[in-house]
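Written out below as structure tokens is the structure these notes cover.
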Amino acid sequence: MFELSVCFEPLFEGKTDVEKIRLIHELGYSAVEFWDLADKDLTGIAEFCGQNNMSVGICTLQDPWGNNRLHADTDDYIRHFSASLDLLNAVGSQKVIVLTGEDDGRGLDVQINRIIANLKAVSGIAEEAGVTICLEALNSRVNHKGYLLDSSTLGFDIVRRVNSPSVKLLFDIYHMQIMEGNIISTIRENIDLIGHFHSAGVPGRNEHFLGELNYPNIFRAIRDTGYGGYFGLEYWPTMDDRESLERVRRHFLD
């Protein structure tokens, strides 16, 4: 059975990383996730999670939007990825998010070939470390205009071409509903290529019980595939954060 994982980045403004995780834990969640490895209290996160039977479901590489994204020179990307693995190990996560960055104008084929080469170059490092790389597709219509990988079809093709058990697609239901729709069928047909899920209500990126998606049905469809990873809640509340997390949890689990 897969678990809900709460992205603490949009939540509990003004609280420290550990304070946020403590509040999430008190609300009954057993996993958290976050963005940039470089600006987090990794020691505090690891200690609290270890003492309270919580997990870090996933996080991004350090500086995920900088010059070291997947467009980079392969040798540079290997160095950047390897340095992030040390931080990943410190916090205890076995999955890491990688991003393509924006279309840099060199042509789609040129950029995709570089991305595949870079993923192949680090896949062996990840496999040896017991880490799964999750390549994330984002929407380029609302939140990330210009982002290169805005299609799950292309994302799954990249994963197939890399052909490594350590490289999967992060399927973000919010982003892919905006770009493609057809969420349940796409998940069922490609579940073996999916390493992690993100989710939020559409439109607005708010609570899952708002908007056009029937998340309980999506949740059941994923469960029925036998998926055993994490289902990330990455959204911006429209109400008090505690009330929001309580209501979202009930929406999925009641």
When you scan region 58-80, do you find a residue that is open to solvent by 30 Å² or more (accessible area, probe 1.4 Å) and either under 26 Å from His208 (Cα atoms) or in contact (Cβ under 8 Å) with a residue 60 or more places away in the chain (or both), even just one?
no
Every residue in region 168-189 that is closer than 16 Å to Tyr227 by Cα and either within 17 Å of the chain's Cα centre (by Cα) or among the basic types (Lys, Arg) (or both), please.
Lys168, Leu169, Leu170, Phe171, Asp172, Ile173, Ile183, Ile187, Arg188
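Check region 232-239 and report whether any residue there is at pLDDT 95 or above, open to solvent by less than 40 Å² (accessible area, probe 1.4 Å) and more than 19 Å from the chain's Cα centre (by Cα).
Checking region 232-239: not a single residue is at pLDDT 95 or above, open to solvent by less than 40 Å² (accessible area, probe 1.4 Å) and more than 19 Å from the chain's Cα centre (by Cα).
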Residue hits (region 122-142; surrounded by fewer than 15 Cβ atoms within 10 Å (Cβ to Cβ) and among the hydrophobic types (A, V, I, L, M, F, W, C)) are none
Does Ala83 count as in contact (Cβ under 8 Å) with a residue 24 or more places away in the chain, open to solvent by 10 Å² or more (accessible area, probe 1.4 Å) and of a type in the set (Gly, Ala, Ser)?
no
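Run down Ile45, Ile24 and say which single residue is open to solvent by less than 20 Å² (accessible area, probe 1.4 Å), touching a Leu at 6+ places or on another chain (Cβ under 8 Å), farther than 26 Å from Thr100 by Cα and of a type outside the set (Ser, Thr, Tyr). It would help to see each step written out before you state the result.
Numbers: Ile45 fails: touching a Leu at 6+ places or on another chain (Cβ under 8 Å).
On inspection, the qualifying residue turns out to be Ile24.
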Region 138-254: strands (runs of 3 or more DSSP E) wholly inside it with 2 or more residues that are more than 21 Å from Gly101 (Cβ to Cβ) are 194-199, 230-233
Output for Cβ contacts, cut-off 6 Å, separation at least six or different chains, first residue acidic (Asp, Glu) and assigned to a helix (DSSP H, G or I) in region 125-137, second surrounded by 15 or more Cβ atoms within 10 Å (Cβ to Cβ) and modelled with pLDDT of 95 or more, reads Glu127/Ser166
Quick one: what pairs do we get from region 200-226, first residue surrounded by fewer than 20 Cβ atoms within 10 Å (Cβ to Cβ), second of a type in the set (Lys, Arg), C-beta under 7 Å, 6+ apart or different chains?
Phe209/Arg247; Ala221/Arg188; Thr225/Arg188
Do the conditions hold for Ala117, that is, is it in contact with a helix residue (DSSP H, G or I) (Cβ under 7 Å, 6 or more places away or on another chain) and of a type in the set (A, V, I, L, M)?
yes
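The values are calculated or read from the model by the stated rules, or taken from the named source; none is laboratory data. Since the structure is predicted, the reported quantities are computational estimates derived from the model, not experimental observations. Using ideal geometry, Cβ is built from the backbone for each residue, glycine included, and neighbour counts are taken over all protein chains shown. These accessible areas exclude ligands, DNA and RNA; they are computed on the full protein's heavy atoms, side chains included. Shrake-Rupley method; radii C 1.70, N 1.55, O 1.52, S 1.80 Å.
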